[in-house]
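See below for the structure under consideration.
The values are calculated or read from the model by the stated rules, or taken from the named source; none is laboratory data. Just so you know, these numbers come straight off a predicted model, no measurement behind them. Quick reminder, even Gly has a Cβ in these numbers, built from the backbone with ideal geometry, and neighbours come from all protein chains shown. In case anyone asks, the SASA skips ligands and DNA or RNA and just uses the protein heavy atoms, side chains included. Shrake-Rupley method; radii C 1.70, N 1.55, O 1.52, S 1.80 Å.
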Amino acid sequence: ENAIESLGALLIAYGTDEAVVIEGNTLAKNYAKTMALVKEILLEPRWDKKEFDLIKQSTLSQIERQKANPNNIAANAYAKLVYGKNHILAYNSMGTEKSVNSISIDDLKQYYTTNISPSIATFHIVGDISKSQVVASLSEINDNWATKDVLFPELPELKSPEKSQVYFYDVPGAKQSVLRFGYPGLAATDAAYYPATIMNYRLGGGGFASQLTQQLREEKGYTYGIGSGFSRSRIKGAFTIGSSVRSNVTFESTLLIKDILDTYGKNYSENDLDVTKGFLIKSTARAFETLESKLNMLNNISNYDFDDDYAKQREAIVKAMTVEEVKNLAGKYLNTNKMIYLVVGDAETQMEKLEGLGFGAPLLLN
């Protein structure tokens with residue numbers, strides 16, 4: 001840590017649902033010295049028992065705090081509903097009190113030995129650095145990092161609901177209700193993924209340009225923010241509409257969202273498409289100006305097997321998109337009769353009203 005700081009560099013390591021990541025930045029002149037520290041992190045883990053115990057305690061504290069946070073409750077409950085109990089992504093990657101307490105430092109060593117391998121690793125580097133400098137900086141890692149066969153678990157196929165169901169998680173006395181509506185959607189590698197994100201721009205992906213924001217925030221004042229989108233992952237993820245609304249307009253908000261979804265494709269116009277194209281084409285032109293955006297481009301190419309010119313291809317898709325195509329995509333991916341409707345809020349005052357959606361009595365999850 002002192003060495004990183006003395007270089008004016010930043011290095012962090014973290015895990016996601018799909019990866020273990022080391023990332024950072026440094027001055028170009030300190031690149032080689034910073035990469036020497038990356039090599040140490042990768043190949044010479046310290047396995048400090050005191051630090052391990054502190055991390056476990058910190059994780060347990062975070063898990064405890066999440067239990068009282070309606071947004072975390074909604075995220076955890078929604079994941080179980082989307083993925084199903086037999087899918088690893090149905091569970092918070094932070095774990096549970098039981099699982100965290102059961103993990104020993106020897107378990108970490110075993111994971112490191114079994115799963116951390118150059119055979120599944122990629123390096124993405126952006127900056128005023130030559131290819132020869134990069135190759136030289138990786139030579140010791142290349143020579144000393146043992147390769148192993150890493151086996152990934154087979155994941156069950158996600159199935160969309162046959163019919164819509166409303167679920168309710170009771171937080172007695174809650175002043176707000178957290179909404180998570182959606183279904184298992186698309187993988188980032190699916191051919192329809194990017195066209196579907198274009199379709200979603202005027203629905204809930206475009207901030208103040210989206211209908212969900214215009215109607216629920218600007219016109220009704222039900223919420224400070226609402227959005228919709230397809231999760232970006234190598235495996236099939238979720239299409240999700242998410243918001244927090246005043247408790248006393250839970251049903252009204254849910255009904256309005258359903259109505260917007262039902263009419264979105266039918267009412268989609270040339271003006272909607274023009275607004276979408278204008279934003280996406282202009283944003284693409286600026287999308288790769290910063291080092292971070294260039295790094296994101298490299299991530300997309302290697303993580304999702306995109307072509308090197310995928311940005312140009314996407315620009316062509318936007319330009320060629322028609323109103324009729326958007327209507328077809330909306331009809332295919334915005335079916336309100338085959339969705340999960342999750343509400344986290346005060347069951348005593350809000351749950352019964354949700355029968356008015358026409359999907360039967362809500363199921364209480366807790």
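Among the residues of segment 194-238, count how many are assigned to a loop (DSSP other than H, G, I, E, B) and either hydrophobic (A, V, I, L, M, F, W, C) or without any contact (Cβ under 8 Å) to a residue 12 or more places away in the chain (or both). Residues in segment 194-238 being assigned to a loop (DSSP other than H, G, I, E, B) and either hydrophobic (A, V, I, L, M, F, W, C) or without any contact (Cβ under 8 Å) to a residue 12 or more places away in the chain (or both): 2 in total. Consider residue 113 carefully, then state whether it is within 30 Å of residue 49 (Cβ to Cβ), open to solvent by 50 Å² or more (accessible area, probe 1.4 Å) and either free of Cβ contacts under 8 Å to residues at least 40 places away in the same chain or in contact with a helix residue (DSSP H, G or I) (Cβ under 8 Å, 6 or more places away or on another chain) (or both). Yes: the conditions hold for residue 113.
Among the residues of segment 184-242, the one identified as of a type in the set (Lys, Arg), surrounded by 19 or more Cβ atoms within 10 Å (Cβ to Cβ) and more than 19 Å from residue 277 (Cβ to Cβ) is 236.
From the list 97, 23, the one residue that fits, being exposed (fewer than 14 other Cβ atoms within 10 Å of the Cβ), in contact with a strand residue (DSSP E or B) (Cβ under 9 Å, 6 or more places away or on another chain) and of a type in the set (D, E, K, R), is 23.
Tell me, please, whether a residue that is open to solvent by 40 Å² or more (accessible area, probe 1.4 Å), touching a residue at least 40 places away in the same chain (Cβ under 8 Å) and under 23 Å from the mean Cα position of the chain (by Cα) can be found in segment 58-72. Yes: one or more hits.
Conditions tested, residue by residue: (1) open to solvent by 50 Å² or more (accessible area, probe 1.4 Å); (2) touching a residue at least 12 places away in the same chain (Cβ under 8 Å); (3) under 29 Å from the mean Cα position of the chain (by Cα).
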{"site": "127", "(1), (2), (3)": "no, yes, yes"}
{"site": "130", "(1), (2), (3)": "no, no, no"}
{"site": "141", "(1), (2), (3)": "no, yes, no"}
{"site": "144", "(1), (2), (3)": "yes, yes, no"}
{"site": "151", "(1), (2), (3)": "yes, no, yes"}
{"site": "156", "(1), (2), (3)": "yes, yes, yes"}
{"site": "162", "(1), (2), (3)": "yes, yes, yes"}
{"site": "167", "(1), (2), (3)": "no, yes, yes"}
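Residue 274 falls short of the stated requirement of being out of contact with any helix residue (DSSP H, G or I) (no Cβ under 7 Å at 6 or more places or on another chain), in a loop (DSSP other than H, G, I, E, B) and open to solvent by 60 Å² or more (accessible area, probe 1.4 Å). The residue list 324, 352 contains one member that is under 24 Å from residue 71 (Cβ atoms) and surrounded by fewer than 15 Cβ atoms within 10 Å (Cβ to Cβ), which is 352. One residue is enough: does segment 69-92 have a residue meeting the conditions over 30 Å from residue 245 (Cβ atoms), touching a strand residue (DSSP E or B) at 6+ places or on another chain (Cβ under 9 Å) and modelled with pLDDT under 95? No, because not a single residue in segment 69-92 is over 30 Å from residue 245 (Cβ atoms), touching a strand residue (DSSP E or B) at 6+ places or on another chain (Cβ under 9 Å) and modelled with pLDDT under 95.
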